[in-house]
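Everything below concerns the one structure shown next.
The values are calculated or read from the model by the stated rules, or taken from the named source; none is laboratory data. Remember, predicted model here, so these are calculated numbers, not experimental data. Methodologically, a virtual Cβ is constructed for each residue, glycine included, from the backbone with ideal geometry; neighbour enumeration extends over all protein chains shown. When the accessible area is computed, the model is the full protein with side chains, heavy atoms only, and any ligands, DNA or RNA have been set aside. Shrake-Rupley method; radii C 1.70, N 1.55, O 1.52, S 1.80 Å.
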Amino acid sequence: MDGRTRRREDTRQRLFEAAVELIAEQGFSATTVDDIALRAKVAKGTVYYNFASKTALFEELLRHGIGLLTDDFRAAVRDLPPREAVAALIRAQLEYIRRYRAFAQLLLSEMWRTNREWQQTLMLLREQAIGTIAETVQAGVDAGDLPDDLDVRVAASALFGVGLVVAVDWLVFQPDRPIEDVERSLLGLVRRVV
């Protein structure tokens, strides 16, 4: 990667981080391109140079954030047997949400809104993350480690949703609680169900 490409990527990353923080703090509608530029410490024109609009920036933000989560999921389960892989998914999601707390809050709130321009994009991206979990759950069913009558899609959605809500709740209301304690409790709940 040459210096120019690296600078562009660094700028885009700063714009992503600024946008997610602002949108999580004050909502999409209240966040302006000026706000994003100011927070990212770039000129307003730089935002439009990198993204055609605030909506385009937000869609890319969703793609970027969920792409990172999906990559974390895939790395966490690589070469693990199914039961260990489920535990690894839980840990990966908790760590991701701790690292990208504002994005997780944003994702949680946007999943409830169905009237947004980017809803189709969000559905496709959600499918990527949940699809990765479903592959792990299906491997557990196929190996006989999980019940053969388990509805894999519902189980994958449940794991994703429970992990997201528990992690946000933990970070907002019990931020001093150790991640290992949250992980152990969540894993205990999941193992009782599956």
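General observations
- The share of accessible area on region 35-194 that comes from carbon and sulfur is 54 percent, using a 1.4 angstrom probe.
- Rounded if a/c under 1.5, otherwise prolate or oblate - region 19-92, Cα gyration tensor axes: prolate
- Helical runs (DSSP H, four residues minimum) scored at -39500 (n - 2.57) apiece and divided by the length of the chain put the mean residue ellipticity at 222 nm at -26500 deg cm²/dmol.
- Applying the criteria of a DSSP loop state and at most 15 other Cβ atoms within 10 Å to the chymotrypsin sites (Phe, Trp or Tyr not before Pro) of region 78-180 yields 112.
- Here the extension length gained between residue 184 and residue 48 equals 44.5 nm, from 0.36 nm per residue of separation less the Cα-Cα distance.
- Each label was represented as a point 7 Å from its Cα along the Cα-to-Cβ direction; for residue 192 and residue 108 these points are 2.1 nm apart.
- Accessible area in the full protein assembly, largest first, 1.4 Å probe, for 182, 172, 154: 154, 172, 182
- Judged by the gyration tensor of its Cα atoms, with axes a ≥ b ≥ c, region 77-189 is oblate; a/c meets the 1.5 cut and b/c is at least as large as a/b.
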